[in-house]
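Colleague: Here it is: the structure, laid out below.
Every number in this text was worked out from the coordinates using simple rules, so none of it is lab data. Small disclaimer: the values here were computed from a predicted structure and weren't measured. Cβ placement follows ideal geometry from the backbone for every residue including glycine, while neighbour counts extend to all protein chains displayed.
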Amino acid sequence: MKKRIVFVSYSYWPPDFGGELLITIERLEYLMRRGYTVQVLTSGKPGMPVQQTWAESGHIWRSPIIHASRMGRLMRRIVFWFWALACLMSLDFDVLHVGSLAGLDSFSDALMARLMGWIARYKGARGVWVHSLADSDQAALDLRGWRGLAKRLFYESFDTLVSVSPFLHQSVCNIWPQKAVCLPCGVRDDLFVPVSPEARTEFRKTMGVSTEDVVFIFLGSVGIRKGFDLLAQAFNSISTVYPDWKLWVIGPRSQAENANLVNDQVVALTQNMEQNPCVNFLGRIDDRQQLAMLMSAGDVFVFPSRREGMGIAPIEAMSAGLPVIIARLPGITDLANIEGETGFYISPGNVLELQLAMTRLGESAALRQQMGFAARQRVLTSFGWKQHLEHWQQVYAGEYVE
């Protein structure tokens, strides 16, 4: 029997800039084509309807909009709290998948999760939560102190706890082995594809880049967690030696694009790159077709992140046929890339290693082509979209076996 899914996310439409949320949206769209029904409960947005039809068999419901003042933002969270609970009581569903909640702190999030979990059990539904980001550079799941108690109560509210990497999974499995599932993210290998040489050349012309130029791509929020400070230092040094090497920076660089960014920090990270003619800041790109085209038009993908849940962006780049340079975070970012075959690993925070890896790939078109082809094959074999969908159908049915 096809499942009826309710997806609850305070941040949803338009989607926050983040791989896990974007992949969840695409996954639900595909499952609707397979006969699933999806109801989305999300926060109200100015200019967006209170209710709208989504894809084949889905509906998006938005909470009441409150004015944009500081008090209004606070009230919007509280209103969403009660509105979402009331909606859940009125809806019929088999799966409750929670994306993000509107709590003011960890305890209010835990309370909301407990109430939602109770409603799901009352209706005979399964509750699902995805553990997609480590709590800190040192701990995948920090359960110390009062915040740890709140987090424990939060996680215990769900029937299935999906972790997107072995590192995250181990932290959950140690405490809730019967609920823990390790399911790395799949990527849209039907969207992120290598394009023809002719299409690639034409697109690069529109970007002011020749076929001889080497284009490095960074995708992510411009911040320290993503290691952009390391990339800025490395590329500023490299571009003085190789002026025909370019850097495309894709991702939010202001609080207007990503509420988690600190504007002063972004300014400090980018001020030395603003005048570099080899750097192109492309901003946040939500159009997935456009993003896929940019990926396939590049030459090397760079991902020096310090903290992740899995790291979807480099796998999308691999699917598009790019070799990758990744900061190795054991059990997190080392799932797809094979050292020396599909790209290179660097130590987190090591600018010299990053610069050397960029130079090695930048200087050899043959190596880029060889690794890029291997990267694409690696994704098709182990991180394909069809396999990802099948696994999630099993998760929603409570039948997934690792």
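Colleague: R0 = 30 Å: FRET efficiency of Ile65 with Asp287, Cβ-based, nearest 0.05? Numbers along the way, then the final one.
Modeller: Numbers: r = 25 Å, r/R0 = 0.84.
It comes to 0.75.
Colleague: While we're here: Roughly how tilted is helix 351-363, in degrees to the nearest 10 and between 0 and 90, from the longest Cα axis of the chain?
Modeller: Approximately 60 degrees, to the nearest 10.
Colleague: Okay, next question. Express the relative contact order of the chain as a whole percentage, based on alpha carbon pairs under 8 Å and six or more residues apart in sequence.
Modeller: In percent, rounded to a whole number, it is 15.
Colleague: Length gain on complete extension for the stretch Arg121 to Glu56, per 0.36 nm per residue less the alpha carbon to alpha carbon distance?
Modeller: Numbers: separation 65, 0.36 × 65 = 23.40 nm, distance 2.74 nm.
Taking 0.36 nm per residue and subtracting the Cα distance, the gain is 20.7 nm.
Colleague: For Ser90 and Asn272, FRET efficiency with R0 = 45 Å and r from the beta-carbon atoms, rounded to 0.05?
Modeller: Values: r = 54 Å, r/R0 = 1.21.
Calculated transfer efficiency: 0.25.
Colleague: Continuing with the same structure: Given the options Arg284, Arg126, Arg360, which has the most mean-square fluctuation in a GNM of the chain, springs set between C-alpha atoms less than 10 angstrom apart?
Modeller: Taking springs between Cα atoms under 10 Å, the residue moving most is Arg360.
Colleague: Another question, if that's okay. Determine the calculated [θ] at 222 nm for the chain from helices alone, applying -39500 (n - 2.57) to every DSSP H run no shorter than 4 residues and normalising by the residue count; nearest 500 deg cm²/dmol.
Modeller: On the way: 13 runs with 165 residues, N = 402.
The helix contribution divided over the chain gives -13000 deg cm²/dmol.
Colleague: According to the square roots a ≥ b ≥ c of the eigenvalues of the Cα gyration tensor, what is the shape class of region 45-85, taking rounded for a/c under 1.5, prolate for a/b larger than b/c otherwise, and oblate for the remainder?
Modeller: Details: a/c = 4.40, a/b = 1.89, b/c = 2.33.
In terms of gyration-tensor shape, oblate.
Colleague: Can you list, bin by bin at 10 Å, the percent of alpha carbon pairs in the chain, starting at 0?
Modeller: 5, 22, 31, 25, 14, 3, 0
Colleague: Among rounded, prolate and oblate, which fits region 197-382 when a ≥ b ≥ c are the square roots of the eigenvalues of its C-alpha gyration tensor, a/c under 1.5 means rounded, and a/b larger than b/c means prolate? It would help to have the intermediate numbers written out before the result.
Modeller: On the way: a/c = 1.30, a/b = 1.13, b/c = 1.16.
In terms of gyration-tensor shape, rounded.
Colleague: Taking a cut-off of 20 Å between Cα atoms, list the aspartates and glutamates near Lys3, but don't count ones fewer than 8 places away on the same chain.
Modeller: Cα-Cα hits under 20 Å: Glu26, Glu29, Glu56, Asp92, Asp94, Asp159, Glu390, Glu399.
Colleague: Here's something else I'd like to know. Tally the DSSP beta bridges in the chain and give the antiparallel ones as a percent, rounded to 5.
Modeller: Values: 4 of 51 bridges.
Counting DSSP beta bridges with both partners in the chain, the antiparallel share is about 10 percent.
Colleague: Per 5 Å bin, what percent of the C-alpha pairs of region 77-155 does each bin hold, from zero upward?
Modeller: P(r) for region 77-155, in whole percents per bin: 3, 14, 24, 25, 17, 10, 5, 1, 0.
Colleague: Going by a ≥ b ≥ c, the root eigenvalues of the Cα gyration tensor, does region 182-257 fall in the rounded group (a/c under 1.5), the prolate group (a/b larger than b/c) or the oblate group? Don't jump to the answer; show the numbers that get you there.
Modeller: Details: a/c = 1.91, a/b = 1.04, b/c = 1.83.
It comes out oblate by the Cα gyration axes.
Colleague: Let me ask you something else. How do 90-96, 372-378 rank on mean C-beta neighbours within 10 Å, highest first? Intermediate values should be presented prior to the final figure.
Modeller: Numbers: 90-96: 17.4, 372-378: 19.7.
Those peptides, ordered most packed to least, come out 372-378, 90-96.
Colleague: Compute the relative contact order of region 175-319 as a whole-number percentage, counting only Cα pairs closer than 8 Å that sit 6 or more residues apart in sequence. Kindly include the intermediate steps, with their values, before the conclusion.
Modeller: Details: 188 pairs, mean separation 53.9, N = 145.
Computed over region 175-319, the figure is 37 percent.
Colleague: First select every other residue whose beta carbon is under 10 angstrom from the beta carbon of Leu230; then total the charges, Lys and Arg +1, Asp and Glu -1.
Modeller: That works out to 0.
Colleague: Using the basic label-point model (7 angstrom from Cα toward the beta carbon), what is the Thr206 to Arg33 distance in nanometres?
Modeller: 2.3 nm
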